[in-house]
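Worksheet for the structure shown next.
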Amino acid sequence: MLILSRKEDEKILIDEDIKISIVEIKGNQVKIGIEAPQDVEILREEIFKSVEKENIQATKERKVGLDQLKNFGTKNKK
Amino acid sequence: MYKLEIMTRDFGKVNIDENKIIKFPEGVPGFKKEDEFVLLPLDEDSLFVIMQSIKTPELAFITLEPRNIIKDYEFIISEKTENLLEIDSIKDIILLNIVTIKEKVEDMSINLAAPLVININKNLGKQVILDDNKYPVKYKLENNQAKEMMS
């Protein structure tokens with residue numbers, strides 16, 4: 001991992017087309033600006049991780065049979 | 001049209017049309033290598049659709065269309081996703097959200113933060129992660145809503 005020190009208003013370039021700027025440093029929070037091409041996906045890591053975790057959870061063994069699910073909110077009732 | 005026999009978690013052996021297989025070019029979070037699924041309705045009247053992996057019989061998600069649960073579910077589909085899924089029109093798209101059930105049906109939670117966006121005409125899908133804190137990963141049904149749906 002590359003570790004760089006930056007001050008407020010300083011920037012980092014990745015591959016010339018991704019620009020990361022340190023917008024503001026306040027206490028224990030850093031505001032970061034990211035300029036990147038449309039095809040670059042930017043996500044907060046913890047959100048991605050929570051979706052990963054939820055997907056795994058969703059496929060784990062459940063204690064409910066499918067028959068019980070079939071009775072839950074059928075289309076005809078809508 | 002080719003028929004394919006696959007083993008499923010919930011329905012045993014099932015014959016599916018090869019052209020019903022939906023490609024997830026990026027896999028799904030937590031299952032990066034799972035890139036082919038098929039949608040199998042739980043039964044004719046059910047709100048639930050099982051999204052079954054083609055490769056892995058024991059891997060299946062319980063899903064439902066968000067309009068059955070909440071009104072005004074909305075988000076922006078990025079250009080990248082539009083390109084990946086070859087979306088030309090909003091009519092191409094169906095949305096499904098993954099349901100997590102542990103002990104009781106009425107305690108289910110629905111992942112509204114990461115909808116499955118599927119281009120039903122091109123059989124391409126992606127689980128889109130909405131990075132805006134607008135919708136929760138574990139959306140719980142209101143008590144009365146759950147009861148109503150159980151009755």
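Some points to look at:
- Extension gain from B:Lys13 to B:Lys122, taking 0.36 nm per residue of separation minus the Cα-Cα distance: 36.7 nm
- Minimum 20 Å² accessible area buried by the other protein chains, the stretch B:116-131 residues, probe 1.4 Å, relative to alone: B:Lys126, B:Ile129, B:Asp131
- Simple Cβ-charge dipole of chain B, Lys/Arg +1 and Asp/Glu -1, about Cα centre, in debye nearest 20: 300
- Label-to-label distance, nm, for residues given as B:Leu95 and A:Arg6 (7 Å Cα→Cβ offset): 3.3
- A:Glu16 paired with A:Lys60, simple spin-label distance in nm, labels 7 Å along Cα-to-beta-carbon: 4.8
- For the pair A and B, the buried accessible area comes to roughly 3600 Å² in total, with a 1.4 Å probe and the value rounded to the nearest 100.
- The protein assembly as shown: radius of gyration over Cα atoms, expressed as a fraction of 2.2 N^0.38 Å: 1.16
- By the compact-protein rule of thumb, 2.2 N^0.38 Å, the alpha-carbon radius of gyration of the stretch B:88-151 corresponds to a ratio of 1.32.
- Placing R0 at 45 angstrom, the Cβ-Cβ distance between A:Phe48 and A:Asn71 gives a FRET efficiency of 0.80 after rounding to 0.05.
- Surface composition of chain B: carbon and sulfur make up 49 percent of the accessible area, probe 1.4 Å.
- Computed FRET value (nearest 0.05) for B:Lys138 with B:Ile21, which takes r as the C-beta separation and R₀ as 25 Å: 0.25
- For the stretch B:22-94, the per residue solvent-accessible surface stands at 52 Å², with DNA, RNA and ligands left out and a 1.4 Å probe.
The values are calculated or read from the model by the stated rules, or taken from the named source; none is laboratory data. Worth saying up front: this structure is predicted, and the values here are computed from it rather than measured. Positions of Cβ are backbone-derived with ideal geometry, glycine not excepted, and every protein chain shown enters the neighbour counts. Ligands, DNA and RNA are excluded from the accessible area calculation, which covers all protein heavy atoms including side chains. Shrake-Rupley method; radii C 1.70, N 1.55, O 1.52, S 1.80 Å.
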